[in-house]
Structure formats: structure tokens, C-alpha cells
Amino acid sequence: MPSDARKTALMILNRLGKGRSTLDNLVDDILNKNNEISGKDRALSNALVFGVLRRQGKLDYVIKHFSKTPLNKIDPEILNILRIGLFQITDMSRIPVSAAVNTSVEMAKATAPLWVVRYVNGLLRNAARNFQEVVFPSIDTNPAYGLSVSKSFPEWLVKRWLNRFEIDETIELCDALNVIPPVTIRTNTLLTARDKLMEAVRSKASTIKKTCFSPSGICLYNLKKPIHEFNAFKKGWFQVQDEAAQLSSILADPQPKETVLDACAGLGGKTAHLAQLMKNQGAILAMDNNAKKLSRLDMEMKRLGISIVSTLRHDLKVPLEKKHSAKFDKILFDAPCSGLGVIRRNPDTKWRTSETDIIRCAKKQLCFLCRLADNLKPGGILVYTVCSTEPEENEQVINAFLSTRKDFAVDRNFLHFAQKAASLVDDKGYLKTFPHLHQTDGFFSVRMKRLP
């Protein structure tokens, strides 16, 4: 395992490019769990990885400008070395140009022949002298292409947004998705209160703020140490969870002594929130098709002092056993989706997602939603939520579901919602959040009731 920050960043980007893992898992396995990496190197590696992914489109345009070799002919590892070096030159003013170039050349020497090393050296030195003279495509002449380069997003995705929003709002959305977001945590109200937690973590970040819409969230800016090293974390006082994700559990409004299904539980962020809202009374079945995630979920529930959760490994490609039919008072379905609403936290998403992925996800979401519906009691509540802002995964899934399930209807009963949170729900009963409007991740959630 490399201890050098740039080599570590290169390793993460290379593995990400080969599709071996998600960015979250790679950062967690390579950076967060590696005690050999100093805090300073960990911070630099993070800055390089996330910075390169956020600016990749613009970086590639500059590389293309200075390279005699077409971009698609450059070895992927060498391309990542160029991106890391160029990002330091263009976006990290505290790093000397000489350090950015020399360390990139040294990384190239480890894997490439001499002529490639000279190519890396020459391109980066040329770019360092002249990158400010590069002329970028005009937004006025071709808005989609111009924005795709200047804001570093795939052109197909920018075109989608321009078809739905005015150009100024599209720019605002792109900018919001490229900003480093705060770390948002949710108070474990079973063990402490938000004000008490704020006092406990106040010294761990440069700035802390209460979330605007969720009554138990806190935003932390510029952490001074990793989250898992906080004493409050070790005590089980909070979980990391974006404010928009917190709202979907609140929308379900689970009550003590109810029986609840968390249909795609993952690592248990929403599972624990449901348990908190139920005051750790009742029963929650946390279901997922990934055994490793369920194992980590069990450990997380123990850390948080939650005792009402049991787990079930199950793939929603097949129906649940009959014993679960009409069993649950509430079902929360955090559906597998494109993830395009959480690009600010997972910037790799914009480069690994295609337009066909959106359609594929939408078909799966509708199929799974129809399968889950039979497991809800008459009069029960089913909440559908996705971390995507794309209509195919939002309204279109719900419209298709309601057209075939006449025993379900959108439930607009938001009496449990605070006024600010209720303002996020439109006249159709759809809760929508956007990074540029609400400073949260992009989510869609809807509360549906099974008619008696």
C-alpha cells in the first residue's frame, strides 16, 4: 500500500477506472482504514481524487489541447497521472508547479517507457506555462457542449438538464454539484439530543450548523479529524446521512410498536433512523441482497444501541415469501437508482453513468415496487425514495405504478412534517430536493397509502 499521497490517489483513480469498486468503498478501504497514511497525506489524496473527478471534463480538454496523442489513445494510467498533475497546476495554488510536474514524472517512470515519461514531462510543463491561454468552447454558440467542458459534466447529461431548466439554472445546478459538500450527520435521538451532540462535535470542524429541514441533522464543514475517530461516533451518538435522505424516513412516519420493512437497507442509515422515530419499539426487517452490507448493518445497530432490527438477505428480483404478505404497517423502499442526485458526494457517478442506465433503473424500480406492494397491510404506508432528480426514476415510476395498482394512492398527510420540510412537497405530493436550491443531495420521495 503506497504511503505517498499522489500514488495513493493514482491507485484509487486507476481501480475506479477499471470498475472494480465504487468510490466510497475505495476511499474507505484504501484511505480511511489505512493507519500507515498520515492525516496530511490522507487529506491530499482525498483532495486529488475528488478534485480530479469533479474537474475531469475540463482537465481532459486541456490535456487534449496540449497533446499530440488523441485522448482515447493515451494509456488510462498515464491519463490519470496527467490529470493529477494538471489538477495541481490549475486548481491547487499552494502546490508548486515543479512539485506537481516532478511527482507526476516519477509516477510515470514506475510503469511507462522513457518516451512516455518524456511525454508526461513535456505536456505538463507546457500546460503549466500556457494553460490560461486555452480557449474553451462557447456556451453561447453551443450551450450543452460549452457547459459540459467548463463545468465538467457529460454532454448527454447537460442536454437533459437544459431541456428541463433554463440555462442559468443548469449552470447553478452544475456549480452546486461541483462544490465540496459538508459532512452531514443525524443525531441518534435514542442516546442524545441535537444540541448536546453539537457541543460534543463543535471542536471537530471549522463550522457547524443545524440542518434547515431535518430536526435532527447537523452539517460539519472542514473536519479536523476523520469521523470514526470522534468520541461521539464511538458512543453511537450519530450517523453520517445527508439531510435529504433523513427526510424520506420522516416521510414514512413510523410509530412505536409498528412492523416496518426497510426494503433496500444497505448499510442501515435509514434503518437506524426508522428505529429512532419508533423509539426502539416495534420491529424492523432490514432487507438487502448483499450479505456483507447486512453484516455491517448489524454492527451499526449495536453501535447505536438499537435492538428492534432483524435482517433478511433477499433479492427483489423474486417475490418475498408468502409469510410476509400484507404483514407490514410501513415499507420504506430506497430504490436502486442512477445516483445522479448525489454527484456532489460521489463525483465518479457522472462519468460511469449513461442515459441507458436511467431507463434500466426505472424498469427495475417499477418491478420491485410492484413486488413490495403486496407486503403492505391495507391502510399502510409505502414510501418510495431515490437519490435521483431524473423524471424517469421519479414521477414516471410512480405514475406507472399507480396506473396498475388502483389500491394505492399518494398520501398527502404531512401533519408530522415541520413547515419548512413540508414546503419541499409539491401539489402532487412529491418531495423533491435539489443541491442548488436546498443545499442538500438531490432526492425524490413520495408517500403512498394502500387503500382499505
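The values are calculated or read from the model by the stated rules, or taken from the named source; none is laboratory data. Fair warning: this is a prediction, and the values are worked out from it, not measured in the lab. Note that we place each Cβ from the backbone using ideal geometry, even for glycine, and neighbour counts take in every protein chain shown.
Being assigned to a loop (DSSP other than H, G, I, E, B) and modelled with pLDDT of 85 or more is the filter; apply it to region 1-18 and report the residue that is surrounded by the fewest Cβ atoms within 10 Å (Cβ to Cβ). Among those that are assigned to a loop (DSSP other than H, G, I, E, B) and modelled with pLDDT of 85 or more, it is Lys18.
The set of residues from region 248-290 being assigned to a helix (DSSP H, G or I) and either hydroxyl-bearing (Ser, Thr, Tyr) or out of contact with any Ser or Thr (no Cβ under 6 Å at 6 or more places or on another chain) (or both) comprises Ser248, Ser249, Ile250, Ala252, Gly269, Thr271, Ala272, Ala275, Leu277. Looking at region 19-49, which of the residues that are in contact (Cβ under 8 Å) with a residue 24 or more places away in the chain and among the charged types (D, E, K, R) is surrounded by the most Cβ atoms within 10 Å (Cβ to Cβ)? It comes out as Asp41.
Does Ile381 fit the bill of being farther than 27 Å from Val27 by Cβ and assigned to a helix (DSSP H, G or I)? So Ile381 does not fit the description; no.
If you go through region 153-169 and pick out every residue that is within 13 Å of Ile139 (Cα to Cα) and buried (at least 20 other Cβ atoms within 10 Å of the Cβ), you end up with 1. Here the condition is being in contact with a Cys (Cβ under 6 Å, 6 or more places away or on another chain), in the same structural domain as Phe434 (by TED's automatic domain parsing) and within 21 Å of Thr22 (Cα to Cα); of Asp315, Asp334, it holds for Asp334 alone.
Being hydrophobic (A, V, I, L, M, F, W, C) and either touching a helix residue (DSSP H, G or I) at 6+ places or on another chain (Cβ under 6 Å) or closer than 23 Å to Leu177 by Cβ (or both) is the filter here; which residues of region 426-452 pass it? Hits for region 426-452 are Leu431, Phe434, Leu437, Phe443, Phe444, Val446.
For residues that are among the acidic types (Asp, Glu) and crowded, with 22+ Cβ neighbours inside 10 Å, scanning just region 323-371, find the one that is nearest to Leu48 (Cα to Cα). Steps first, answer last, please.
From region 323-371, those among the acidic types (Asp, Glu) are 329, 334, 348, 355, 357; that's our starting set.
Next, from what is left, pick out any that are crowded, with 22+ Cβ neighbours inside 10 Å: 334, 348.
Values: Asp334: 31, Asp348: 13 Å.
Only one residue fits best here, namely Asp348.
Can we say Ser310 is modelled with pLDDT of 95 or more, over 21 Å from Asp262 (Cα atoms) and surrounded by fewer than 19 Cβ atoms within 10 Å (Cβ to Cβ)? No; evaluated as a whole, the condition is false for this residue. At least 2 residues being among the small types (Gly, Ala, Ser), more than 22 Å from Lys270 (Cα to Cα) and touching a residue at least 12 places away in the same chain (Cβ under 8 Å) is the threshold, and among the helices (runs of 4 or more DSSP H) wholly inside region 163-242 not one reaches it.
Taking the listed residues Thr69, Thr90, the one that is part of a helix (DSSP H, G or I) and either in contact with a Phe, Trp or Tyr (Cβ under 9 Å, 6 or more places away or on another chain) or of a type in the set (S, T, N, Q) (or both) is Thr90, with no other qualifying. If you go through region 228-246 and keep only what is over 12 Å from Thr184 (Cβ atoms) and buried (at least 23 other Cβ atoms within 10 Å of the Cβ), you end up with just Trp237. Val52 passes every criterion in (1) free of Cβ contacts under 8 Å to residues at least 12 places away in the same chain; (2) part of a helix (DSSP H, G or I) apart from (1).
Restricting region 279-290 to residues that are touching a strand residue (DSSP E or B) at 6+ places or on another chain (Cβ under 6 Å) and free of Cβ contacts under 8 Å to residues at least 40 places away in the same chain, which is surrounded by the most Cβ atoms within 10 Å (Cβ to Cβ)? Let's see the steps before the verdict.
As a first pass, look at region 279-290 and keep what is touching a strand residue (DSSP E or B) at 6+ places or on another chain (Cβ under 6 Å): 283-287.
In the following step, the residues that additionally are free of Cβ contacts under 8 Å to residues at least 40 places away in the same chain were identified as 283-284, 286-287.
On the way: Ala283: 17, Ile284: 29, Ala286: 27, Met287: 24.
Looking at the filtered set, the residue picked out is Ile284.
Suppose the filter is touching a residue at least 24 places away in the same chain (Cβ under 8 Å), part of a loop (DSSP other than H, G, I, E, B) and not assigned by TED's automatic domain parsing to the domain that holds Asn25; does Ile306 pass it? It is true that Ile306 is touching a residue at least 24 places away in the same chain (Cβ under 8 Å), part of a loop (DSSP other than H, G, I, E, B) and not assigned by TED's automatic domain parsing to the domain that holds Asn25.
Looking only at residues in region 106-116 that are aliphatic (A, V, I, L, M) and surrounded by fewer than 20 Cβ atoms within 10 Å (Cβ to Cβ), which one is nearest to Leu10 (Cα to Cα)?
At the first step, the residues of region 106-116 found to be aliphatic (A, V, I, L, M) are 107-108, 110, 112, 114, 116.
Now narrow it down to the ones that are surrounded by fewer than 20 Cβ atoms within 10 Å (Cβ to Cβ): 110, 112, 114, 116.
Details: Ala110: 12, Ala112: 14, Leu114: 19, Val116: 17 Å.
If we take residues in region 106-116 being aliphatic (A, V, I, L, M) and surrounded by fewer than 20 Cβ atoms within 10 Å (Cβ to Cβ), then Ala110 is nearest to Leu10 (Cα to Cα).
Cβ-Cβ contacts under 6 Å between residues 6 or more apart (or on different chains), taken from a first residue in region 264-275 that is assigned by TED's automatic domain parsing to the domain that holds Asn290 to a second residue that is in a helix (DSSP H, G or I) and of a type in the set (Ser, Thr, Tyr), are listed as Ala265/Thr271; Lys270/Ser249; His273/Ser249; Leu274/Ser249. In this entry, Lys293 is excluded by the filter for residues that are of a type outside the set (Asp, Glu), part of a loop (DSSP other than H, G, I, E, B) and either in contact (Cβ under 8 Å) with a residue 24 or more places away in the chain or over 30 Å from Ala232 (Cβ atoms) (or both).
In the condition set (1) of a type in the set (Ser, Thr, Tyr); (2) in a helix (DSSP H, G or I); (3) farther than 27 Å from Glu155 by Cβ, Thr111 is compliant with all but (2).
Pairs meeting the criteria (first residue in region 130-158 and on the phi > 0 side of the Ramachandran plot and part of a loop (DSSP other than H, G, I, E, B), second residue surrounded by 13 or more Cβ atoms within 10 Å (Cβ to Cβ) and of a type outside the set (Asp, Glu), beta carbons under 6 Å, at least 6 apart or on different chains) are Ser152/Arg55; Ser152/Gln56; Ser152/Gly57; Ser152/Lys58.
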